[in-house]
1. Assuming Glu19 fulfils every condition listed in (1) modelled with pLDDT of 95 or more; (2) surrounded by 14 or more Cβ atoms within 10 Å (Cβ to Cβ) apart from one, which condition is it?
2. How many residues does the stretch 50-77 hold that are charged (D, E, K, R) and at pLDDT below 95?
3. From the set of residues in the stretch 1-17 that are under 16 Å from Val82 (Cα atoms) and aromatic (Phe, Trp, Tyr), which is farthest from the chain's Cα centre (by Cα)?
4. Given the structure, is Ile73 touching a residue at least 60 places away in the same chain (Cβ under 8 Å) and crowded, with 16+ Cβ neighbours inside 10 Å?
5. Here's a check for you: in the stretch 23-43, which residue that is of a type in the set (D, E, K, R) and out of contact with any Ser or Thr (no Cβ under 8 Å at 6 or more places or on another chain) is modelled with the highest pLDDT?
6. Is there a residue being touching a Phe, Trp or Tyr at 6+ places or on another chain (Cβ under 7 Å), among the β-branched types (Val, Ile, Thr) and crowded, with 16+ Cβ neighbours inside 10 Å anywhere in the stretch 34-43?
Amino acid sequence: MYCDIDKWEYPAAWKAACERIRPGGLYICDNVLWSGRVAEPEPDPDDGRPEWTEAIVEHNRAVSNDERYLSTIVPTRDGMFVALRVA
């Protein structure tokens with residue numbers, strides 16, 4: 001599955017996808033580094049879309065914490081999350 005929807009919907013997309021992907025399948029999501037905003041301790045309220053940053057951070061944590069998946073962020077462009085379902 002490939003995810004590149006509105007950023008605030010990333011957590012819901014992961015919740016919908018993670019159960020549907022079979023072992024051996026991939027989940028790929030674009031823009032997960034969000035121009036480095038996800039590495040900041042707190043979203044910048046002057047950014048214009050701090051809720052998007054919070055949603056991407058929530059998504060990234062959910063994917064990386066799911067023990068059924070082996071995952072990594074590929075730092076190409078604005079970051080691609082690649083997760084392989086192993087269980």
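The values are calculated or read from the model by the stated rules, or taken from the named source; none is laboratory data. These numbers come from a predicted model, not from an experiment. Counting neighbours? That spans all protein chains shown, and the Cβs are built from the backbone with ideal geometry, glycine included.
1. So the condition that Glu19 fails would be (2).
2. 3
3. Tyr2
4. no
5. Applying the filter and picking the extreme gives Asp30.
6. no
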